[in-house]
1. Could you tell me how many of the residues in region 150-166 are open to solvent by 40 Å² or more (accessible area, probe 1.4 Å) and outside any loop (DSSP other than H, G, I, E, B)?
2. Given the condition closer than 21 Å to C162 by Cβ and buried (at least 18 other Cβ atoms within 10 Å of the Cβ), answer yes or no: does some residue in region 31-38 qualify?
3. Assess whether I87 counts as being surrounded by fewer than 14 Cβ atoms within 10 Å (Cβ to Cβ) and aliphatic (A, V, I, L, M).
4. One residue is enough: does region 110-123 have a residue meeting the conditions open to solvent by 70 Å² or more (accessible area, probe 1.4 Å) and in contact (Cβ under 8 Å) with a residue 60 or more places away in the chain?
5. Residue check, Y52 against (1) without any contact (Cβ under 8 Å) to a residue 12 or more places away in the chain; (2) of a type outside the set (K, R); (3) open to solvent by 100 Å² or more (accessible area, probe 1.4 Å), all met but one. Which one?
6. Which of the residues spanning region 62-72 are under 16 Å from Q86 (Cα atoms) and either open to solvent by 70 Å² or more (accessible area, probe 1.4 Å) or near the ligand (Cβ under 9 Å from one of its atoms) (or both)?
7. Out of (1) of a type in the set (V, I, T); (2) surrounded by 11 or more Cβ atoms within 10 Å (Cβ to Cβ); (3) farther than 18 Å from E144 by Cα, what's the single condition that is false for T94?
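The values are calculated or read from the model by the stated rules, or taken from the named source; none is laboratory data. Note that the structure is a prediction, hence the values are computed from the model and not measured. Virtual Cβ from ideal backbone geometry, glycine too; neighbours counted across all protein chains shown. Surface areas here come from the heavy atoms of the whole protein model, side chains and all, with no ligands, DNA or RNA. Shrake-Rupley method; radii C 1.70, N 1.55, O 1.52, S 1.80 Å.
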Amino acid sequence: MPQPVLEAMQNHLQLEAEIGGYEAAAARKEELDAFYQQLAAFLHTQPHQIAYAHQATQAFNTALSSIPFRDGDVILTTYDDYVSNQIAFMQLKTRFGVAIQHAANLPGGGVDLEDFERKLRQYAPKLVAVTHIPTNSGLIQPVETIGQLCAPLDCWYLVDACQSAGQVAY
Ligand SMILES: Cc1ncc(COP(=O)(O)O)c(C=O)c1O
């Protein structure tokens, strides 16, 4: 964890211990509000588009839970998506009868965009989910191109960018 983050967290916990959680939040209101402004600027979006979560798995599952899946809906994903995300898809399969389809990989690794496009047409997925930078391989998936393929379609597009935000320029 970066030192400034550690210090900010320690200072805030100390303040909460001294004056209480609500009072500490009120005392730091300006900084807390600035968080949404700064994060929105960083992600090229608007503050009202940001929903903060404590961890990536929680964020991903919260986003997933907002999609009204029905029996027969399809999730199109890749073979390199984060394991917790894939487990969540398997739960949706068990609970709602959702089908999970994976786009093929290229021989050298990374998702095959031609196969992705073919499966988008074939399955008309309700959700397309791609991990931008999978945990430990150095692979960078073409999430922007996949987003362009999804844009004209009636589907949700969920990108796990927890290893890329702040690490690669976009
Ligand atoms: C690509 C990816 N997604 C999600 C996670 C889960 O992150 P968290 O521990 O914040 O839930 C990780 C953790 O390494 C990850 O690499």
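1. Qualifying residue count, region 150-166: 3.
2. Among the residues of region 31-38, not one is closer than 21 Å to C162 by Cβ and buried (at least 18 other Cβ atoms within 10 Å of the Cβ), which makes the answer no.
3. Yes, satisfied.
4. No: zero hits.
5. Condition not satisfied by Y52: (1).
6. Answer for region 62-72, where residues must be under 16 Å from Q86 (Cα atoms) and either open to solvent by 70 Å² or more (accessible area, probe 1.4 Å) or near the ligand (Cβ under 9 Å from one of its atoms) (or both): T62, S65.
7. If we test T94 against (1) of a type in the set (V, I, T); (2) surrounded by 11 or more Cβ atoms within 10 Å (Cβ to Cβ); (3) farther than 18 Å from E144 by Cα, just (2) comes out false.
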